[in-house]
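S.K.: Can you read through this structure? Questions will come right after.
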Amino acid sequence: MNRNLTLKLGAIALLILLLLIPLLMINGLIQDRQELRDGVLEDIARSSSYHQQVSGPLMVVPYRKVVRTWKLNEKTNQRYQELGEERGRLYFLPERFELDGQVETELRSRGIYQARLFHANNRINGHFSIPAQLGIKENFADYQFDQPFLAVGISDIRGIENALKLQLNGQTLDFVPGSQVGWLGEGVHVTLPKLDAAQVSELAFGFDLQLQGTGQMQILPVGKTSTVALAANWPHPSFIGNYLPAQREVDDRGFTARWQTTFFSTNLHEALNNCVSGGGCEAFNGRSFGVSFIDPVDQYLKSDRAIKYALLFIALTFAGFFLFEVLKSLAVHPVQYALVGVALAFFYLLLLSLSEHIGFALAYLLSASGCVVLIGFYVCHVLRSVWHGVGFSVGLAALYGLLYGLLSAEDYALLMGSLLLFGLLGVFMVLTRKLDWYGVGQRAVKPLEFDIGAVE
């Protein structure tokens, strides 16, 4: 390979490396803007309410148990019985748990940033089946029971939008703040009438829970059989948690979803026993499911993905310039390569700044169109031909279109990228199949003349 070609390729490679500097600066700016956006969203959630998880209801029965301890009197060498008291709680999960929720979303703005809040109108129904003697099989007479209560865990009680009232076997009881159960976290509770511990008790309950939150809503299926139905006007749900909905429908107007679980699938009773015995409550609180209302069109994530293809994009554009040089015997100065490379880098800055105001798709269209027009105008003069400039612009526009396809097709991005590179390699090899590479650079450069479509 002759010296002139080696120098030209070296200069192009050096330019590509130098262009890493503005690209890295723009990538850092993307990260900074994303962190700023996340901070604003956190502030909005802090002033309204965070993610919401509904855990319960659970029925709690506090008890006092007589503890008899035999001791030895050292003086008389006789044994005697000492009585003590042990305090504890019995926990009962519902036999049946049903939640029917209607969710509406809204946007809250702060500056150019927006957070999506949801308002869920939930109806919760079910019933408890309390066994005779509260399931205590031995020494039942040693137990005394205090007033039972119903506890509901709500992860951020600031989001409660209604006065909670419990309907229990035809009675209406008022909830009060605080779950009274430490491992449930924040929430509410209601004091229940005393139970006839000697008899089996069936307690049917129901209450309305209007809940506001940000981002996610999750439900802990506490029933022996649990059924949860949610419907919302949000067309981009992301179902989260340990269980996917058994049925779901999603369209442009919103979604409906239905979950159904049993103790066989959740093993929640054993998780509760482990929690109460001090083995940790992560397994109990973690068996939730729900839906995320986060907007899937994240302009910062897509801008970050786009800039990862920047070097490939610049290399392909420079390769097109180089093809014109060797096939048309035109001399393109490294400064002209550099100006085109800087224009390509500015595309990502335009994309970032515009997408914050008008959305990613329109920002991409305007940024790509501006860069194609600018580079096309410049290339018409560099290549001394309108037709060559238009052809280069069409190819550049096609590359932008392919890049947008790569950004949109997450699951097929690798396949599309591989096929694109293979196809471009094939085009390059076909166009240069008869080129004498040893002679490149030794040819006389075409004199400065204009063809029929020349630029004046």
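The values are calculated or read from the model by the stated rules, or taken from the named source; none is laboratory data. Owing to the predicted nature of the structure, the values given are computational and were not obtained by experimental measurement. All Cβ positions, glycine included, derive from the backbone under ideal geometry; neighbour counts span all protein chains shown.
Each row is one residue, and each column tells you yes or no for (1) at pLDDT 80 or above; (2) assigned to a helix (DSSP H, G or I); (3) under 18 Å from PHE322 (Cα atoms).
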{"site": "SER369", "(1), (2), (3)": "yes, yes, no"}
{"site": "GLY376", "(1), (2), (3)": "yes, yes, yes"}
{"site": "GLY391", "(1), (2), (3)": "yes, yes, yes"}
{"site": "LEU399", "(1), (2), (3)": "yes, yes, yes"}
{"site": "LEU414", "(1), (2), (3)": "no, yes, no"}
{"site": "LEU420", "(1), (2), (3)": "no, yes, no"}
{"site": "LEU424", "(1), (2), (3)": "no, yes, yes"}
{"site": "VAL445", "(1), (2), (3)": "no, no, yes"}
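S.K.: Would you be able to say whether some residue in the range 176-183 is free of Cβ contacts under 8 Å to residues at least 40 places away in the same chain, within 18 Å of LYS65 (Cβ to Cβ) and surrounded by fewer than 18 Cβ atoms within 10 Å (Cβ to Cβ)?
M.R.: No, every residue in the range 176-183 fails to be free of Cβ contacts under 8 Å to residues at least 40 places away in the same chain, within 18 Å of LYS65 (Cβ to Cβ) and surrounded by fewer than 18 Cβ atoms within 10 Å (Cβ to Cβ).
S.K.: For the range 132-146, what are the residues that are outside any loop (DSSP other than H, G, I, E, B) and of a type in the set (A, V, I, L, M, F, W, C)?
M.R.: ALA132, LEU134, PHE140, ALA141, PHE145
S.K.: Identify, please: which residue in the range 294-332 is in a loop (DSSP other than H, G, I, E, B), out of contact with any Gly (no Cβ under 6 Å at 6 or more places or on another chain) and not charged (D, E, K, R) and is, among those, modelled with the lowest pLDDT?
M.R.: VAL297
S.K.: I've got another one for you. Any residue at all in the range 349-365 that is among the hydrophobic types (A, V, I, L, M, F, W, C), modelled with pLDDT under 80 and either buried (at least 16 other Cβ atoms within 10 Å of the Cβ) or more than 22 Å from LEU29 (Cβ to Cβ) (or both)?
M.R.: No, every residue in the range 349-365 fails to be among the hydrophobic types (A, V, I, L, M, F, W, C), modelled with pLDDT under 80 and either buried (at least 16 other Cβ atoms within 10 Å of the Cβ) or more than 22 Å from LEU29 (Cβ to Cβ) (or both).
S.K.: Right, something else. For ASN169, only one of the following conditions fails: (1) in contact with a helix residue (DSSP H, G or I) (Cβ under 9 Å, 6 or more places away or on another chain); (2) closer than 20 Å to LEU90 by Cβ. What is its number?
M.R.: (1)
S.K.: For the range 167-202, which residues satisfy the criterion of being charged (D, E, K, R) and under 18 Å from GLN52 (Cα atoms)?
M.R.: Answer for the range 167-202, where residues must be charged (D, E, K, R) and under 18 Å from GLN52 (Cα atoms): just GLU186.
S.K.: Quick check on my filter: what residues within the range 226-255 are touching a residue at least 12 places away in the same chain (Cβ under 8 Å) and over 19 Å from GLN53 (Cα atoms)?
M.R.: The answer is ASN233, PRO235, HIS236, ALA246, VAL250, ASP251, ASP252, ARG253, GLY254, PHE255.
S.K.: Separate question: Looking at the range 87-115, which of its residues are over 30 Å from ILE136 (Cβ atoms) and of a type in the set (A, V, I, L, M, F, W, C)?
M.R.: LEU99, VAL103, LEU107, ILE112, ALA115
S.K.: Let me ask something else about it. Is the range 297-314 home to any residue that is in contact (Cβ under 8 Å) with a residue 24 or more places away in the chain and in contact with a strand residue (DSSP E or B) (Cβ under 8 Å, 6 or more places away or on another chain)?
M.R.: No - not one qualifying residue is present in the range 297-314.
S.K.: Out of curiosity, is LEU312 closer than 24 Å to GLY405 by Cα, surrounded by 14 or more Cβ atoms within 10 Å (Cβ to Cβ) and over 27 Å from the mean Cα position of the chain (by Cα)?
M.R.: yes
S.K.: Still on this structure, please answer the following. Would you mind telling me which numbered condition in (1) over 26 Å from LEU107 (Cα atoms); (2) among the β-branched types (Val, Ile, Thr); (3) assigned to a strand (DSSP E or B) VAL291 fails?
M.R.: The one condition VAL291 does not meet is (1).
S.K.: Let me ask something else about it. Taking into account only those residues within the range 28-44 that are within 18 Å of ARG305 (Cβ to Cβ) and either charged (D, E, K, R) or within 21 Å of the chain's Cα centre (by Cα) (or both), which is surrounded by the most Cβ atoms within 10 Å (Cβ to Cβ)?
M.R.: Across the range 28-44, the extreme among qualifying residues is ILE30.
S.K.: Could you say which residue among GLY170, GLY254, GLY215 is at pLDDT below 90, surrounded by fewer than 21 Cβ atoms within 10 Å (Cβ to Cβ) and under 18 Å from GLY290 (Cα atoms)?
M.R.: From the options GLY170, GLY254, GLY215, the qualifying one is GLY215.
S.K.: For the range 184-276, give me every one of the strands (runs of 3 or more DSSP E) that falls completely inside it and has 3 or more residues that are of a type in the set (A, V, I, L, M), over 22 Å from GLY56 (Cβ atoms) and outside the structural domain of PHE128 (by TED's automatic domain parsing).
M.R.: Hits in the range 184-276: none.
S.K.: List every residue pair whose Cβ atoms sit under 6 Å apart, with the two residues 6 or more apart in sequence or on different chains, where the first one lies in the range 382-395 and is more than 19 Å from PRO334 (Cβ to Cβ) and in contact (Cβ under 8 Å) with a residue 40 or more places away in the chain and the second, anywhere, is buried (at least 21 other Cβ atoms within 10 Å of the Cβ) and of a type in the set (Asp, Glu).
M.R.: Correct list of pairs: empty, since none qualify.
S.K.: Do we find that LEU14 is touching a helix residue (DSSP H, G or I) at 6+ places or on another chain (Cβ under 9 Å), at pLDDT 85 or above and within 30 Å of PHE321 (Cβ to Cβ) in this structure?
M.R.: Yes.
S.K.: Go through the range 22-45 and count every residue that is small (Gly, Ala, Ser) and touching a residue at least 40 places away in the same chain (Cβ under 8 Å).
M.R.: Residues in the range 22-45 being small (Gly, Ala, Ser) and touching a residue at least 40 places away in the same chain (Cβ under 8 Å): 1 in total.
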